[in-house]
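Beneath this line is the structure, given in structure tokens, with notes to follow.
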Amino acid sequence: MSSYIFVSPGSDPGMGRPLVDPALSSPRPTMGTCRPDLRRLVKLGDQIFVVSGSMGRMVSQYVIGGLEIHDKLPNQMAAFQRYPEHQIHLNEAGQRLGNIIVTADGAHDPRDDHGNFDRRIQNYLVGKNPVVLETEREVALGREHSVEILSHIFEKPAARRVKDVIGRMRKLSDEQAGRLREALMQIKAEAGR
């Protein structure tokens, strides 16, 4: 199996910058526009984890969460009717949400301003078993411990920042993916005490 961890530039839910893709917090986690290379490579049972983007030196990045791949649809048209909650929309603050960027007729939704449309709509992932740091306390603990967790998993003891460990993306063995999932669950448990 091949699992992955990557950084989502511009995303930091703890700082009010929503993570649009993957959508981890919904009843059915999905991934449909970001990282077409990873969506093509992963198989059922693999896991994908995502790290917040850099918000400057004063804000530590953290592992936002992850999902296990349950299903892999050929494209977003196959997901359009099944997952209407993931169709592109705007929240109250005018921020774009949703990772289905096609319209009912298969055209590119004009609210999505990214290029490579044909490539980005292939391989829509449906997940299961999401683990997400969501509460203020979980996010704070995630910021405090993510570099340490990642440095242990990837055997990089001198790491001081996320980019020292994973760069833009990194492949995970099954054992590493399991350890990362367990570490996130421990943070959630500690935050709940």
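Side notes on the structure shown:
- Test for Arg111: is it on the phi < 0 side of the Ramachandran plot, not β-branched (Val, Ile, Thr) and not in a loop (DSSP other than H, G, I, E, B): no
- Test: residue in region 62-85 that is of a type in the set (Gly, Ala, Ser), free of Cβ contacts under 8 Å to residues at least 40 places away in the same chain and either part of a strand (DSSP E or B) or out of contact with any helix residue (DSSP H, G or I) (no Cβ under 6 Å at 6 or more places or on another chain) (or both): no
- Any chance Gly142 is under 30 Å from Asn75 (Cβ atoms), surrounded by 15 or more Cβ atoms within 10 Å (Cβ to Cβ) and of a type in the set (Gly, Ala, Ser): no
- Residue under evaluation Arg57, criteria (1) under 14 Å from Ile100 (Cβ atoms); (2) modelled with pLDDT under 95, criterion not met: (1)
- The conditions of being surrounded by 12 or more Cβ atoms within 10 Å (Cβ to Cβ) and in a helix (DSSP H, G or I) are not met by Ala159.
- Just one residue in the set Ile187, Ile166, Ile121 is in contact with a Leu (Cβ under 7 Å, 6 or more places away or on another chain), within 26 Å of Pro27 (Cα to Cα), buried (at least 18 other Cβ atoms within 10 Å of the Cβ) and not polar (S, T, N, Q); that residue is Ile187.
- Residue selected from region 1-32 under the condition out of contact with any Asp or Glu (no Cβ under 9 Å at 6 or more places or on another chain) and part of a strand (DSSP E or B), by the criterion surrounded by the most Cβ atoms within 10 Å (Cβ to Cβ): Ile5
- Some residue of region 80-94 being closer than 27 Å to Ile166 by Cβ, surrounded by fewer than 18 Cβ atoms within 10 Å (Cβ to Cβ) and hydrophobic (A, V, I, L, M, F, W, C): no
- Any chance Leu97 is modelled with pLDDT under 95, crowded, with 16+ Cβ neighbours inside 10 Å and among the hydrophobic types (A, V, I, L, M, F, W, C): yes
- Where a residue in region 34-52 is under 17 Å from Gly10 (Cβ atoms) and its partner, wherever it lies, is of a type in the set (Val, Ile, Thr) and assigned to a strand (DSSP E or B), with Cβ under 7 Å and at least six apart: Val50/Ile64; Val51/Ile5; Val51/Val7; Val51/Val63; Val51/Ile64; Ser52/Ile64
The values are calculated or read from the model by the stated rules, or taken from the named source; none is laboratory data. Predicted model, so just to flag it, every value in this text is computed and none were measured. Reconstructed Cβ throughout: ideal geometry from the backbone, glycine too, with neighbour counts over all protein chains shown.
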